[in-house]
Amino acid sequence: MRDSQPKTIYLKDYQVPEFLIDHTDLHFTLADDMTTVRSRLSMRRNPESKTQDASLVLHGQDMQLQAVTLDGTLLSASAYKVDEESLTVASVPDSFVLECETLIKPQDNTSLEGLYRSASMYCTQCEAEGFRKITYYLDRPDVMSLFTTTIVADKAAYPVLLSNGNNVDSGENSDGSHWVKWEDPFKKPAYLFALVAGDLEFIEDSFTTCSGNDVTLRIFVEAKDLDKCDHAMQSLKRSMKWDEETFGREYDLNIFNIVAVDDFNMGAMENKSLNIFNTSCVLAKPETTTDAAFQRVEAIVAHEYFHNWSGNRVTCRDWFQLSLKEGFTVYRDAEFSSDMGSRTVKRVEDVNFLRTVQFAEDAGPMAHPIRPESFMEISNFYTVTVYEKGAEIVRMIAHLLGKDLFRKGSDLYFERHDGQAVTCEDFVKAMEDASGKDLSQFRRWYSQAGTPQLAVSGRYDEVTSTYSLTVKQSCKTVQETPKAFHIPLAMALLGEAGALRLQLQGAEPNPDSADNTELVLDVTESEQQFVFENIPERPVPSLLRGFSAPVQLHFDYSRDELMFLMSHDSDGFCRWDACQQLGVLALKDMIAAYQAGQDMQLEPRLLSAYQHLLSDESLDKSMVALMLSLPSEAYMAGIMPKADVQAIHIARMTAKVEIADQLQALFLQAYKANTLSQPYQANEQQIAARSLKNTALHYLMLSETEEALALCLAQYQQAQNMTDSMAALSALVNSSFEQQKQQALADFYQRWQSEALVVNQWLSVQAGCYLAGTLDKVKALMAHPAFDIKNPNKVRSVVGAFTANAVNFHHQDGSGYEFLADQIITLNALNPQIAARLLGPLTKWQQYKDESAALMRKALQRIMAQEQLSKDVYEVVSKSLNS
Ligand code: B3K
Ligand code: ZN
């Protein structure tokens with residue numbers, strides 16, 4: 001916590017470090033009242049720095065400095081200066097050894113950054129700038145050092161002592177303590193440092209790399225969770241193999257550890273050879289874990305493992321380059337998940353998330369390019385833009401280069417920059433050098449914020465048999481109007497009998513392709529026309545196939561054309577999107593009718609589309625489930641200016657109930673047909689069947705018939721897995737069967753109270769209930785013994801789930817906003833990162849109708865008026881209020 005006007009840091013001000021640290025030797029003594037950290041840094045001036053006479057300035061905060069020595073001589077207090085954020089030693093030679101002894105109190109560290117306690121263990125989180133809470137250091141990613149770490153702790157309480165690299169020595173002391181020394185043979189920045197001490201058990205497996213190295217794999221957890229590690233271990237082995245096969249990346253040590261901790265700000269952290277995970281992203285077993293969580297565990301284990309190359313071996317020069325490792329690694333994990341399951345389903349889920357959450361960020365006060373140009377607090381930039389949009393930018397490069405050249409580019413990138421801290425520019429350059437393709441204009445995706453709008457119109461000329469597509473791009477952000485992007489627009493033209501052969505006017509016919517039915521148009525200007533020749537009939541264009549670029553597409557399809565695309569397009573993403581767009585039109589009609597005080601009529605085509613989806617057994621079940629889900633309230637709010645959340649909710653619920661009533665028999669049939677008798681497996685087929693079955697249950701329960709209730713209660717009582725259990729509980733919670741709901745909630749808690757992750761689902765399903773009165777229930781939940789405001793998973797399960805519950809959060813009396821402001825004020829002092837992250841929904845006030853916007857601003861102003869705002873909260877609130 002510091003002054004309330006933190007300074008802004010700019011990318012353009014980047015300077016190389018004035019000093020380098022060749023070796024970092026750390027010594028920790030963990031004791032209940034105080035932890036002592038001794039560091040020995042072998043340092044020298046950086047020959048690349050312009051200032052060769054600079055004083056030494058090390059980062060450091062929230063610790064007590066005991067002693068500093070320079071080349072073995074204890075420094076007097078006048079030789080150095082300490083303030084809240086740094087230690088300055090005025091005069092140092094060109095090369096020297098600096099030793100510091102500091103005291104820290106991990107037990108009081110509620111920010112969960114640096115060294116802290118979670119339950120009975122010690123653990124660390126250093127990215128981005130947490131290492132400076134452990135010891136004085138050059139805490140910046142372009143300072144890479146060789147680390148050795150010795151940990152001393154009581155042997156009975158902390159039998160397991162872990163850090164990065166290899167265990168090279170250990171011993172016991174006569175006072176009941178023991179020690180372990182770890183040595184990491186790879187140079188790394190401080191943000192990849194990790195330490196764990198605790199009473200942990202582990203499961204072990206091994207992996208033999210492509211060149212024959214044996215790697216010991218261990219997952220450390222509290223003893224009670226040992227039965228929930230297997231899925232993560234299998235996921236890890238699959239990731240290691242996949243990365244060898246797909247990217248030629250081999251693991252580089254003989255040991256790889258994962259540790260699960262309860263209190264964690266994010267999902268997981270890729271510390272070299274010692275990944276630390278939020279329990280929610282590593283533990284899984286059918287009885288306690290939903291299908292979605294199984295898939296998340298696999299994806300996050302893979303993501304952190306892939307960072308070993310894209311992040312650790314090649315790291316970022318500065319935090320403005322964060323997307324260099326995160327965008328690329330998200331792209332890599334998405335490809336992995338696509339290969340492990342259904343590519344189309346994964347794509348649809350990712351695009352749906354991007355369009356709902358990232359597009360809103362790009363339209364809001366925190367909009368930033370994937371490579372931001374400035375920040376006050378870097379923790380605020382671990383965003384969907386840097387991660388998910390960043391991954392889309394890498395995907396476009398992969399698309400533009402083609403599979404082989406993209407692989408060549410990534411090989412060159414890893415080879416050229418192994419052991420270095422580099423920039424996004426280095427990545428793009430490697431891609432250009434390996435492929436010979438010009439990515440000059442494409443680079444604008446790195447420096448310009450905002451979602452490009454692509455307005456496309458088509459014209460068929462019967463006389464000349466040509467079809468012309470006119471493409472106009474535009475992009476506006478709060479700050480500026482960007483220059484034209486290079487947008488790869490994948491497209492096809494569909495005729496009655498299938499996709500038509502494409503011959504673009506002015507382009508050479510492509511002899512390589514036997515089937516010229518899909519093209520990627522290079523959209524590079526603000527307006528462009530593409531003319532296709534020899535088109536024998538008026539086609540329906542299939543545009544942005546596979547979502548080939550992160551843009552908002554506008555094409556004025558008729559409802560019949562959308563129906564046609566939904567059943568005829570060979571591109572799975574476009575089929576799903578056609579269904580969504582028809583849903584959008586249907587909902588817009590109903591919202592307008594509601595606002596005008598008229599009857600809401602459901603678009604009959606939507607009903608017949610759903611009927612068709614439910615009747616055709618040849619369709620992919622997961623896709624059917626996805627297509628049967630109307631565009632979400634959040635998506636609708638994002639595309640409607642001055643969104644009226646209540647109207648969106650009422651219209652959408654009315655549509656759903658109408659669909660449920662009309663298609664009851666088909667939903668029942670789908671429910672029965674997809675009820676599995678085999679033992680649970682988290683595989684593609686079973687997940688698809690459960691997804692369709694539970695979608696059917698959801699609709700059946702909307703009709704609130706006695707049969708549906710009986711079905712739902714039976715499913716709740718007989719469920720052998722958490723997916724089915726939660727689906728039934730959620731349907732009950734959102735129904736008006738009050739007595740059964742209360743009974744199920746009580747039963748569920750009784751049964752699962754000792755499983756924190758399951759209790760979190762119980763909290764979240766209640767906080768997400770869209771019925772009236774939820775805010776009071778949320779307040780009651782926060783007083784429940786299961787709640788703990790210091791635990792981020794619990795805060796997300798209650799406060800996060802409530803803010804995602806649009807109709808209640810945006811209640812017209814503003815009570816939801818005031819509630820959130822209260823929580824932010826409390827969390828600002830305890831855990832600024834979590835506070836700033838939770839603020840998101842309140843900051844986009846411009847996207848809501850005037851009455852809501854005014855109340856949202858009022859809540860923001862109350863936060864702003866607090867004394868001692870953290871940098872994190874200050875940055876988000878001030879940018880929102882000033883936008
Ligand atoms: N790199 C970490 C995120 C760290 C967040 C720090 N506030 C997890 C990941 O993206 O893999
Ligand atoms: Zn990551």
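The values are calculated or read from the model by the stated rules, or taken from the named source; none is laboratory data. Quantities reported herein were computed from a predicted structural model and do not represent experimental measurements. No Cβ is skipped: glycine too gets one built from the backbone with ideal geometry, and neighbour counts run over all protein chains shown. For the accessible areas, the whole protein counts, side chains as well, though only heavy atoms, and no ligand, DNA or RNA atoms are used. Shrake-Rupley method; radii C 1.70, N 1.55, O 1.52, S 1.80 Å.
Residue by residue, here is whether (1) open to solvent by less than 10 Å² (accessible area, probe 1.4 Å); (2) more than 11 Å from ligand 1 (Cβ to nearest atom) holds:
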| site | (1), (2) |
| --- | --- |
| S273 | yes, yes |
| S280 | no, yes |
| A284 | yes, yes |
| Q295 | no, yes |
| H303 | no, no |
| G311 | yes, no |
| R317 | no, yes |
| Q321 | yes, yes |
| G327 | yes, no |
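Answer yes or no as to whether D243 is over 25 Å from E388 (Cα atoms) and not hydrophobic (A, V, I, L, M, F, W, C).
no
May I ask you to list the residues in the stretch 487-499 that are open to solvent by 20 Å² or more (accessible area, probe 1.4 Å) and not acidic (D, E)? Scanning the stretch 487-499 gives A497, G498, A499.
A quick yes/no check of all residues on (1) farther than 17 Å from L41 by Cα; (2) more than 16 Å from ligand 2 (Cβ to nearest atom); (3) outside the structural domain of V89 (by TED's automatic domain parsing); (4) within 32 Å of the chain's Cα centre (by Cα):
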residue	(1), (2), (3), (4)
C126	yes, no, no, yes
R132	no, yes, no, yes
T135	no, yes, no, yes
L146	no, yes, no, yes
S163	yes, yes, no, yes
H178	yes, yes, no, no
W182	no, yes, no, yes
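Does the stretch 647-663 include one or more residues that are touching a Ser or Thr at 6+ places or on another chain (Cβ under 9 Å), outside any helix (DSSP H, G or I) and either among the aliphatic types (A, V, I, L, M) or open to solvent by less than 40 Å² (accessible area, probe 1.4 Å) (or both)? The answer is no, given that none of the residues of the stretch 647-663 is touching a Ser or Thr at 6+ places or on another chain (Cβ under 9 Å), outside any helix (DSSP H, G or I) and either among the aliphatic types (A, V, I, L, M) or open to solvent by less than 40 Å² (accessible area, probe 1.4 Å) (or both). So in the stretch 798-817, with the set limited to residues that are assigned to a loop (DSSP other than H, G, I, E, B) and open to solvent by less than 20 Å² (accessible area, probe 1.4 Å), which one is farthest from ligand 1 (Cβ to nearest atom)? Checking each candidate, the answer is G814. Any residue in the stretch 366-377 that is part of a helix (DSSP H, G or I) and either open to solvent by 10 Å² or more (accessible area, probe 1.4 Å) or within 13 Å of ligand 1 (Cβ to nearest atom) (or both)? Among the residues of the stretch 366-377, not one is part of a helix (DSSP H, G or I) and either open to solvent by 10 Å² or more (accessible area, probe 1.4 Å) or within 13 Å of ligand 1 (Cβ to nearest atom) (or both), which makes the answer no.
Of the residues A360, A391, the single one that is within 16 Å of ligand 1 (Cβ to nearest atom), buried (at least 20 other Cβ atoms within 10 Å of the Cβ) and not hydroxyl-bearing (S, T, Y) is A391. Quick check: anything in the stretch 428-443 within 30 Å of V384 (Cβ to Cβ), in a loop (DSSP other than H, G, I, E, B), without any contact (Cβ under 8 Å) to a residue 12 or more places away in the chain and not hydroxyl-bearing (S, T, Y)? Scanning the stretch 428-443 turns up at least one residue that is within 30 Å of V384 (Cβ to Cβ), in a loop (DSSP other than H, G, I, E, B), without any contact (Cβ under 8 Å) to a residue 12 or more places away in the chain and not hydroxyl-bearing (S, T, Y). Residue check: is N275 outside the structural domain of E113 (by TED's automatic domain parsing) and within 11 Å of ligand 2 (Cβ to nearest atom)? Yes. Residues that are within 9 Å of ligand 2 (Cβ to nearest atom) and among the basic types (K, R) within the stretch 313-332 comprise just one, K325. When the stretch 618-632 is filtered for residues that are touching a helix residue (DSSP H, G or I) at 6+ places or on another chain (Cβ under 8 Å) and either free of Cβ contacts under 8 Å to residues at least 12 places away in the same chain or within 11 Å of I591 (Cβ to Cβ) (or both), only L619 remains. Every condition in (1) farther than 20 Å from A609 by Cβ; (2) within 31 Å of the chain's Cα centre (by Cα) holds for A655 except the one numbered (1).
Taken together, the criteria place S337 among residues that are more than 12 Å from ligand 1 (Cβ to nearest atom) and within 15 Å of the chain's Cα centre (by Cα). Say we look at the stretch 76-119 and pick out the residues that are in contact with a Phe, Trp or Tyr (Cβ under 6 Å, 6 or more places away or on another chain) and within 30 Å of L827 (Cα to Cα); which of these is most open to solvent (accessible area, probe 1.4 Å)? So the residue we want is N109.
Within the stretch 707-732, being open to solvent by less than 20 Å² (accessible area, probe 1.4 Å) and under 17 Å from A660 (Cβ atoms) holds for A708, L709, C712, Q715, A728, A731, L732. A single entry from Q766, Q742, Q720, Q715 fulfils the requirement of being outside any helix (DSSP H, G or I) and of a type outside the set (G, A, S): Q720.
Summed over the stretch 505-551, residues that are of a type outside the set (V, I, T) and either under 15 Å from D461 (Cα atoms) or touching a residue at least 60 places away in the same chain (Cβ under 8 Å) (or both) total 18.
Being more than 16 Å from ligand 1 (Cβ to nearest atom), under 30 Å from P841 (Cβ atoms) and open to solvent by less than 20 Å² (accessible area, probe 1.4 Å) is the filter here; which residues of the stretch 394-412 pass it? If the condition is that a residue be more than 16 Å from ligand 1 (Cβ to nearest atom), under 30 Å from P841 (Cβ atoms) and open to solvent by less than 20 Å² (accessible area, probe 1.4 Å), then M396 is the only one that fits.
Would it be correct to say that D62 is without any contact (Cβ under 8 Å) to a residue 40 or more places away in the chain, open to solvent by 20 Å² or more (accessible area, probe 1.4 Å) and not β-branched (V, I, T)? Judged against the criteria, D62 is not a match.
Out of (1) within 39 Å of the chain's Cα centre (by Cα); (2) surrounded by 13 or more Cβ atoms within 10 Å (Cβ to Cβ); (3) hydroxyl-bearing (S, T, Y), the odd one out for S55 is which? Answer for S55: the failing condition is (1). For the stretch 379-423, the candidate set comprises residues that are within 14 Å of ligand 2 (Cβ to nearest atom) and among the hydrophobic types (A, V, I, L, M, F, W, C); within that set, the residue that is nearest to Q358 (Cα to Cα) is V384.
In the set (1) acidic (D, E); (2) buried (at least 21 other Cβ atoms within 10 Å of the Cβ); (3) not in a helix (DSSP H, G or I), the condition left unmet by D252 is number (2).
L587 meets the conditions (1) aliphatic (A, V, I, L, M); (2) in a helix (DSSP H, G or I); (3) more than 30 Å from A854 (Cα to Cα) in every case but one. The failed one is (3).
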